[in-house]
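Read through the structure below, which is laid out as structure tokens, and then see the notes.
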């Protein structure tokens with residue numbers, strides 16, 4: 001098959017882009033795969049950042065850019081057996097079979113009802129990254145989607161984690177994206193405040209891994225001043241994996257103090273970093289919102305929390321009870337294996353066939 005893939009956010013190289021590039025790699029083994037992108041360097045950047053083999057994948061002119069007319073795009077799509085399209089709420093008009101992927105809850109774009117219905121006839125499948133996303137998308141678009149959980153590179157993590165020496169370290173990982181209300185999507189500043197309340201009687205330290213953004217990093221460093229909190233930016237995959245292996249506890253707070261009925265996109269849509277931490281033996285203490293609740297079996301392989309007091313209480317319990325931590329750490333490793341890259345590739349091939 002000849003397959004074309006488009007992700008409008010590809011240059012951000014975030015979790016969604018890891019998903020799309022891994023999918024591209026899986027499909028390229030037995031298909032001709034092209035990514036619609038005007039800068040061919042994006043593939044080498046993706047290979048380096050995510051350690052994904054993209055040698056069989058190529059880039060081609062971006063037919064979804066404004067430089068292409070609707071007629072030109074449709075004619076170009078006739079050359080493909082299938083198009084995989086990461087949607088921001090839009091559904092493109094194409095000639096070939098269309099697979100739509102949703103990484104987060106979005107609203108459908110306003111358009112002519114007859115045109116939308118025609119577009120729907122071209123859709124061969126709708127894929128969501130979690131049940132959380134699926135439930136909201138199905139309701140919004142009136143269509144039925146399937147869940148394809150993101151891939152996690154377990155082989156690389158597991159091979160180096162079993163004998164790793166754990167430290168008294170709480171870790172949280174995520175890009176700094178500011179919401180319209182002034183807070184960050186990952187709630188870095190909130191977690192700093194929570195940590196300050198448990199740091200006085202503990203030897204633990206907090207490490208926040210985020211992207212390289214001087215103004216945001218400086219603000220977080222100012223909030224952290226005087227406490228055992230480290231802000232690190234723009235780590236390589238190896239450096240990040242090393243931190244995962246050292247961490248005993250993993251925190252996540254996206255969606256805290258947000259009205260998720262009005263803004264469901266403000267919760268974590270899945271939580272790849274949580275799974276990566278679990279595979280490394282870190283016990284997750286994460287908010288009971290979005291896709292996080294699908295990953296964790298509360299009280300078995302991690303803890304879910306809804307209030308500040310619950311987060312602090314569960315964290316203190318793990319710090320003070322090493323036997324409990326060891327039991328949950330082992331369970332977290334086993335749960336994380338459920339989200340392997342091999343599983344992802346197998347399911348992708350079953351969906352797009």
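What the table shows:
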quantity	calculated
Residue match in segment 118-133 (condition: outside the structural domain of residue 270 (by TED's automatic domain parsing), part of a loop (DSSP other than H, G, I, E, B), under 22 Å from residue 37 (Cα atoms) and within 29 Å of the chain's Cα centre (by Cα))	no
Answer residue from segment 308-353, given it is outside any helix (DSSP H, G or I) and at pLDDT below 95 and is nearest to residue 151 (Cα to Cα) among those	340
Given (1) in a loop (DSSP other than H, G, I, E, B); (2) within 30 Å of residue 255 (Cβ to Cβ); (3) out of contact with any strand residue (DSSP E or B) (no Cβ under 8 Å at 6 or more places or on another chain), number of the condition residue 91 does not satisfy	(3)
Qualifying positions in segment 259-282 - surrounded by 20 or more Cβ atoms within 10 Å (Cβ to Cβ) and not in a helix (DSSP H, G or I)	267, 268, 269, 270, 271, 280, 281, 282
Candidates 221, 238, filtered to the one that is in contact with a strand residue (DSSP E or B) (Cβ under 8 Å, 6 or more places away or on another chain), assigned by TED's automatic domain parsing to the domain that holds residue 173, surrounded by fewer than 16 Cβ atoms within 10 Å (Cβ to Cβ) and not in a loop (DSSP other than H, G, I, E, B)	221
Flag for residue 111 being at negative phi and touching a helix residue (DSSP H, G or I) at 6+ places or on another chain (Cβ under 9 Å)	yes
Matching residues, segment 38-62, being more than 28 Å from residue 273 (Cα to Cα), touching a residue at least 40 places away in the same chain (Cβ under 8 Å) and part of a loop (DSSP other than H, G, I, E, B)	62
Check on residue 175, out of contact with any helix residue (DSSP H, G or I) (no Cβ under 6 Å at 6 or more places or on another chain) and more than 27 Å from residue 254 (Cβ to Cβ)	no
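The values are calculated or read from the model by the stated rules, or taken from the named source; none is laboratory data. None of these values were measured; they are calculated from a predicted model. Cβ sites come from the backbone with ideal geometry, for glycine too, and all protein chains shown count toward neighbours.
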